[in-house]
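To start, the structure itself, in structure tokens.
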Amino acid sequence: VAGLAWLQFALLLPGLWWAGAHYGAMGIVWARLALGGVMGMGQVWALRVIYGVGLSDSWRAVWRPAVGVAVMACVLAALGQSAVLAGVLLPLRLMMEVLLGAVVYAFTLWALWQLAGRPDGVESFVLDWLTKKTALPWQGRLQKSRS
């Protein structure tokens with residue numbers, strides 16, 4: 001596993017330098033995305049070889065976040081093509097896009113989790129935590145009295 005990290009580091013610097021020199025900032029973004037995909041496949045392979053985790057198990061663990069990222073990227077790309085934020089100052093636009101991206105990603109994860117039958121995972125942990133943190137003091141007594 002450490003070998004994969006060193007391989008990523010060895011590919012990252014020259015790849016980003018080359019992409020930046022030839023295609024600018026967007027080249028760096030695309031190179032990082034491509035390297036992330038290649039390294040993700042390497043990590044799936046390592047999980048299979050070292051721990052016996054199959055491809056279907058790996059896919060079940062990442063499909064909802066992968067779809068969430070894709071939906072978020074589509075929404076942000078559509079927003080970038082529209083004239084909605086054309087006159088907004090860049091720092092404010094960045095904050096608005098980050099907030100929108102986070103909301104779209106979180107909502108997509110939540111919706112996919114609901115559609116998948118609410119399996120155990122990070123979503124159920126966060127929902128339990130939020131439920132406990134937002135419970136009002138008298139809610140516990142009401143639930144006890146109803147039982």
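Answer yes if at least one residue in region 83-96 is in a helix (DSSP H, G or I) and under 30 Å from ALA5 (Cα atoms), and no otherwise.
No, the conditions are met nowhere in region 83-96.
Return the residue satisfying two criteria in turn: it lies in region 25-82 and is of a type in the set (Gly, Ala, Ser) and outside any helix (DSSP H, G or I), and of such residues it is nearest to ALA102 (Cα to Cα).
SER82
Is there any pair linking a residue in region 88-100 that is under 15 Å from MET72 (Cβ atoms) to one that is part of a loop (DSSP other than H, G, I, E, B) and open to solvent by 90 Å² or more (accessible area, probe 1.4 Å), with Cβ under 8 Å and at least six apart or on different chains, and which?
Every condition considered, no pair remains.
I'd like the full set of residues that are open to solvent by 50 Å² or more (accessible area, probe 1.4 Å) and of a type in the set (S, T, N, Q), limited to region 73-93.
GLN81
For region 18-42, name all the residues that are surrounded by 13 or more Cβ atoms within 10 Å (Cβ to Cβ) and either of a type outside the set (A, V, I, L, M) or more than 20 Å from the chain's Cα centre (by Cα) (or both).
TRP18, ALA19, GLY20, TYR23, GLY27, ARG32, GLY40, GLY42 - these are the residues of region 18-42 that are surrounded by 13 or more Cβ atoms within 10 Å (Cβ to Cβ) and either of a type outside the set (A, V, I, L, M) or more than 20 Å from the chain's Cα centre (by Cα) (or both).
Suppose we filter region 64-87 for residues that are touching a residue at least 24 places away in the same chain (Cβ under 8 Å), among the hydrophobic types (A, V, I, L, M, F, W, C) and closer than 19 Å to GLY36 by Cα; how many remain?
Summing the residues that are touching a residue at least 24 places away in the same chain (Cβ under 8 Å), among the hydrophobic types (A, V, I, L, M, F, W, C) and closer than 19 Å to GLY36 by Cα in region 64-87 gives 4.
In region 31-45, is there at least one residue being under 19 Å from VAL122 (Cα atoms) and among the charged types (D, E, K, R)?
Within region 31-45, not a single residue is under 19 Å from VAL122 (Cα atoms) and among the charged types (D, E, K, R).
Under 8 Å between Cβ atoms, at least 6 apart or on separate chains: pull out the pairs that start in region 22-44 with a residue that is more than 11 Å from LEU11 (Cβ to Cβ) and in contact (Cβ under 8 Å) with a residue 12 or more places away in the chain and end on any residue that is assigned to a helix (DSSP H, G or I) and open to solvent by 100 Å² or more (accessible area, probe 1.4 Å).
Short answer, once both residue conditions are applied: VAL44/LEU55.
Within region 62-72, is even one residue open to solvent by 80 Å² or more (accessible area, probe 1.4 Å) and either modelled with pLDDT of 95 or more or touching a Phe, Trp or Tyr at 6+ places or on another chain (Cβ under 7 Å) (or both)?
no
Restricting to region 1-14, name every residue that is under 23 Å from the mean Cα position of the chain (by Cα) and either open to solvent by less than 70 Å² (accessible area, probe 1.4 Å) or among the polar types (S, T, N, Q) (or both).
Listed by number, the residues that qualify are LEU4, ALA5, GLN8, LEU12.
Kindly provide the set of residues from region 94-120 that are small (Gly, Ala, Ser) and exposed (fewer than 14 other Cβ atoms within 10 Å of the Cβ), ordered by number.
Across region 94-120, the qualifying residues are ALA102, ALA116, GLY117.
The values are calculated or read from the model by the stated rules, or taken from the named source; none is laboratory data. All figures in this text were calculated on a predicted structure; none of them were measured in a lab. No Cβ is skipped: glycine too gets one built from the backbone with ideal geometry, and neighbour counts run over all protein chains shown. The area values use the complete protein model at the heavy-atom level, side chains included, leaving out ligands, DNA and RNA. Shrake-Rupley method; radii C 1.70, N 1.55, O 1.52, S 1.80 Å.
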